[in-house]
Amino acid sequence: MKTDSLFYNIFLTLTETFFELIGLPATVNNQYQFTSREVKQLSFRLDGIFYPKLVYKLPSKSREEIEAMFGLEDFKQTRFYQEAKAEGEASLILRLLKRKFGQLSPSNETLINQLSLTQLEDLGEALLDFQQEQDLLDWLTRNKFPNT
């Protein structure tokens, strides 16, 4: 089935227009993602649907509940999930390092918060062998910041 390109393009480029037409403030548009969906039937497609962004509309639901409700097989691959996981990893690593070495310098905390998820996981394993704070600085130099 062919998409009605006129209305689809209008709502795609001027998403606030839809909300103004139905009497809602245009700022509501930030809470929705505009997309098209194909319903499994004899290729019946719904053109231009405004879906609420899940993470804002379902704050009390677990990842498993959201996956089950909406059939999201690859939720772990979403940017939202990856960023949330990295924030959690960084928070845990900072707590462990503070417990081991005392208060870290703000610059070291900033460096750790800038690490990728993979680097944070590597640091989490490496910190088990650190004997002094210099070991952390050496690790950061070798793995992320060669000019420090």
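If you go through segment 95-122 and pick out every residue that is touching a residue at least 24 places away in the same chain (Cβ under 8 Å), in a helix (DSSP H, G or I) and within 19 Å of Ala84 (Cα to Cα), you end up with 7. Considering segment 13-57, the residues that are aliphatic (A, V, I, L, M) and under 28 Å from Lys76 (Cβ atoms) include one that is modelled with the highest pLDDT, namely Ile49.
Filtering segment 107-139 to residues that are among the polar types (S, T, N, Q) and under 18 Å from the mean Cα position of the chain (by Cα) leaves Asn113, Gln114, Ser116, Thr118, Gln119. Taken over segment 95-113, the criterion of being closer than 17 Å to Thr141 by Cα and either among the aliphatic types (A, V, I, L, M) or surrounded by fewer than 12 Cβ atoms within 10 Å (Cβ to Cβ) (or both) is satisfied by Leu97, Leu104, Ser105, Pro106, Ser107, Thr110, Leu111, Ile112. Residues in segment 62-82 that are modelled with pLDDT of 75 or more and in a helix (DSSP H, G or I): 6 in all.
The values are calculated or read from the model by the stated rules, or taken from the named source; none is laboratory data. Given the structure is predicted, the values throughout are model-derived calculations rather than measurements. Cβ sites come from the backbone with ideal geometry, for glycine too, and all protein chains shown count toward neighbours.
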